[in-house]
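Taken together, the values in this text are just the output of simple stated rules run on the coordinates, not laboratory data. The shown structure was predicted, so the numbers you read here are calculated from the model rather than taken from an experiment. Glycine also receives a Cβ, built like all others from the backbone with ideal geometry; neighbour counts cover every protein chain displayed.
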Amino acid sequence: MDRVEFKEKVIEYAHSIGIDDIGFTHTEPFVEYREKLIDYHEKGFESGFEKGSIEERTNPDRTLRSGRSIISIAVGYPNRLPNAPKSKKGERRGMFARASWGMDYHTLLNSRLEKLEAYIKSIDASIECNSMVDTGVLSDREVARRSGLGFIGKNGFVINPTLGTYSYLGEMITSFPFPPDEELIDSCGDCNICVDRCPTGALVGNGQLNSKKCISFLTQTKGFLPDEYRGKIGNRLYGCDTCQQVCPRNKGINTDHHDDIILEPEILKPELTGLLEISNRDFKETYGHLAGTWRGKKPIQRNAIIALAHFKEVSAVDVLKRVAENDPRPVIKGTAYWAIGRILENDALGYIGERFKIETDETVKEEMLKGIQESA
């Protein structure tokens, strides 16, 4: 079987197992991307979640020495939530970003890549493969761009002609030299909507992102959320979709044909107070299958508390007091006190004053003072 015929068979099989788009590229170093990473590092834009050195992230042969080609896959995911429960006074709700809807995308994509690898080896068992989904050192987005799956928009996402930005990406390095695809020549042109609408100004143009200012990154941190961003995250529990929601290239797109992406409205848009005292076991059983819980329940609970302050939800004060008084974690305890101050304003002075005499953790006491001072 020649290279072109083999490639066509792989494409046909990929579509049969739920891969919406597939592209191929060579394993030469990502030279231009390397320069971007150096600039990114020098500007201090890194989140700290990045894996590997710049050399490892731009040289595919560091991952698979025998690699001759890279297969990039894209699986679209839905961006509309049917029968979503309403967030209303007395029952405020948070939201998980769309990339976290349904099964953890690592599991979903790895399943497809495993099948694809098995198919390739069924034709030629000598072919070596190395698959990765957001866990390897290569950039899923940069591989997809060079494989012709789309172009990098000003929001930093790969914009695919049929899937828009709402797609999961993964790749497989193989020792077989599949013919490479041409890169997609396209751009955002003069459109700057995502940059202008970013809540924190994290998008700096040309697809660059200051990760430390990005709400998606901030919702995943475990410490106290910086003061300047608490008023920006709204009811987001994990991630942020603003730069995708406003993108004109996503108009009319909603990929909802995958049977293994099951939407659970009550879980994806949960009632906030129900998250505050949930046990580790119940949290894992209810939310553990979501990609958005990879950092555990602590960031989710902190964000839920901030969301209640955002809504000024007076009905949540009693549970917030229980959390503030009983939770052993300073970040959760302190954020709860802060939220009480933000919600009750001057009416919180007596309560905060009495509790201030009892609390001993200095970071918690700082949050107590901050909450009433900001409300004054």
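Among the chymotrypsin sites (Phe, Trp or Tyr not before Pro) in region 287-349, those placed in a DSSP loop whose Cβ has at most 16 other Cβ atoms within 10 Å are W294.
Straight-line cross-link reach from K86 at under 18 Å between alpha-carbon atoms covers these aspartates and glutamates, not counting any fewer than eight positions away in the same chain: E264, E266, E271, E313.
Distance between Cα centroids, region 206-224 to region 37-65: provide it in whole Å. Between the Cα centre of region 206-224 and that of region 37-65, the gap is 17 Å. Of all aspartates and glutamates in the structure, the ones whose alpha carbon falls short of 15 Å from that of K213, not counting any fewer than 8 places away in one chain, are E46, D196, D227, E228, D241. Charge dipole of the chain (Cα centre as origin; +1 on each Lys and Arg Cβ, -1 on each Asp and Glu Cβ, all else neutral): 1120 debye, rounded to the nearest 20. Report P(r) for region 1-82: all Cα-Cα distances, bin width 5 Å, range 0 to the bin holding the largest distance, values in whole percent. Going out from 0 Å in 5 Å bins, region 1-82 shows 3, 11, 16, 15, 15, 17, 12, 7, 4, 0 percent. Taking the longest Cα principal axis of the chain as reference, the axis of helix 297-311 is set at about 60 degrees. Among the lysines, select those whose C-alpha is under 21 Å from the C-alpha of K9, and discard any that sit fewer than 8 residues away in the same chain. List returned: K115, K121. Using just its DSSP H runs of length 4 or more, each adding -39500 (n - 2.57), the chain gives a mean residue ellipticity at 222 nm of -11500 deg cm²/dmol after division by all residues.
Once the convex hull of all Cα atoms in region 229-376 is built, its volume per residue stands at 126 Å³. Across the chain, Cα-Cα pairs more than 27 Å apart make up 53 percent of the total.
Could you work out how much longer the chain between K89 and T107 gets when fully extended? Use 0.36 nm per residue separation minus the Cα distance between them, nm to one decimal. Could the numbers behind the result be given before it?
Values: separation 18, 0.36 × 18 = 6.48 nm, distance 3.64 nm.
Extending this stretch completely gives an extra 2.8 nm.
Label zone of V246 (point 7 Å out along Cα→Cβ, amide N under 20 Å): in region 177-208 this covers 187-208.
Relative to the dominant Cα principal axis of the chain, helix 317-326 is inclined by about 80°. The simple spin-label model puts a point 7 Å past each Cα toward its Cβ; for H15 and E266 those points are separated by 4.0 nm. Normalised by the number of residues in the chain, the average gap of Cα pairs under 8 Å and 6 or more apart makes the relative contact order 19 percent.
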